[in-house]
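The values are calculated or read from the model by the stated rules, or taken from the named source; none is laboratory data. Worth saying up front: this structure is predicted, and the values here are computed from it rather than measured. Here the Cβ positions follow ideal geometry from the backbone for every residue, glycine too, while neighbour counts run over all protein chains shown. Protein only, heavy atoms only, side chains kept; ligands, DNA and RNA dropped before computing areas. Shrake-Rupley method; radii C 1.70, N 1.55, O 1.52, S 1.80 Å.
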Amino acid sequence: MKYYFRALKNYAVGDGRASRREMIWFYVFHFIFMMVMAFLDGYFGLYSTEIPLDYGFLTLGYILATACPTICLKIRRLHDIGKSGSWWWAERVPILNFYVFYLLYLKRGDECVNEYGAPISWKKATKKVAEMKTVEYSAPINTAQIPAAE
């Protein structure tokens, strides 16, 4: 659930990276929420009879509310594998969308720093190293007490 809220929180961030785990868990919860909204639309009869929509009003509202975070998550996911965000448009082409989804979105991210930043695991690791470096030592080493090697 934290990945779902992380994607919603970071949707306005154009730079940065999103891990494969973040994208997969976002879509798991996105699908669950879509099913809940579709159930509520059917239960309360919120489908339009005048406008031929495949979605009810709650589901359509949810889709519109999460459209921008979903697109930004895909762009940040492309950044994780070293591709530009403009590759997102290739998903709209009928033949290329198979390539983009399976070979780009599910590809393992770059393990090193690329032009879009450091991987998320590196950020955690460098934070831990910074915390370890701030530990104060109790007493400095006195080099006069160390015997000289002969």
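Assorted remarks:
- Listed by first and then second residue, the pairs linking a residue in the stretch 27-46 that is farther than 28 Å from residue 101 by Cα to a residue that is in a helix (DSSP H, G or I) and at pLDDT 95 or above, with Cβ atoms under 7 Å apart and 6 or more places separating them unless they lie on different chains, form an empty list.
- Selected residue (criterion: nearest to residue 106 (Cα to Cα)) from residues of the stretch 45-92 that are of a type in the set (Ser, Thr, Tyr) and either at pLDDT below 90 or outside any helix (DSSP H, G or I) (or both): 84
- Any hit, the stretch 6-21, residues being open to solvent by 70 Å² or more (accessible area, probe 1.4 Å), out of contact with any strand residue (DSSP E or B) (no Cβ under 8 Å at 6 or more places or on another chain) and of a type outside the set (D, E, K, R): yes
- Residue list for the stretch 22-40, restricted to those being open to solvent by 30 Å² or more (accessible area, probe 1.4 Å), under 11 Å from the mean Cα position of the chain (by Cα) and not hydroxyl-bearing (Ser, Thr, Tyr): 24, 25
- Selection status of residue 47, within 30 Å of residue 116 (Cβ to Cβ), of a type in the set (Phe, Trp, Tyr) and over 18 Å from the mean Cα position of the chain (by Cα): no
- Total residues in the stretch 1-44, condition charged (D, E, K, R), in a helix (DSSP H, G or I) and under 30 Å from residue 111 (Cβ atoms): 6
- Residues that are hydrophobic (A, V, I, L, M, F, W, C) and in contact (Cβ under 8 Å) with a residue 24 or more places away in the chain within the stretch 4-24 comprise 7, 8, 12, 13, 18, 23, listed in sequence order.
- Residues of the stretch 48-68 that turn out to be in contact with an Asp or Glu (Cβ under 8 Å, 6 or more places away or on another chain) and touching a residue at least 24 places away in the same chain (Cβ under 8 Å), as a count: 1
- Only one of 95, 75, 51 that is aliphatic (A, V, I, L, M) and closer than 20 Å to residue 6 by Cβ: 75
- Selection status of residue 110, in contact (Cβ under 8 Å) with a residue 60 or more places away in the chain, acidic (Asp, Glu) and in a loop (DSSP other than H, G, I, E, B): no
- Hits in the stretch 71-87 - residues which are open to solvent by less than 20 Å² (accessible area, probe 1.4 Å) and more than 11 Å from residue 18 (Cα to Cα): 85
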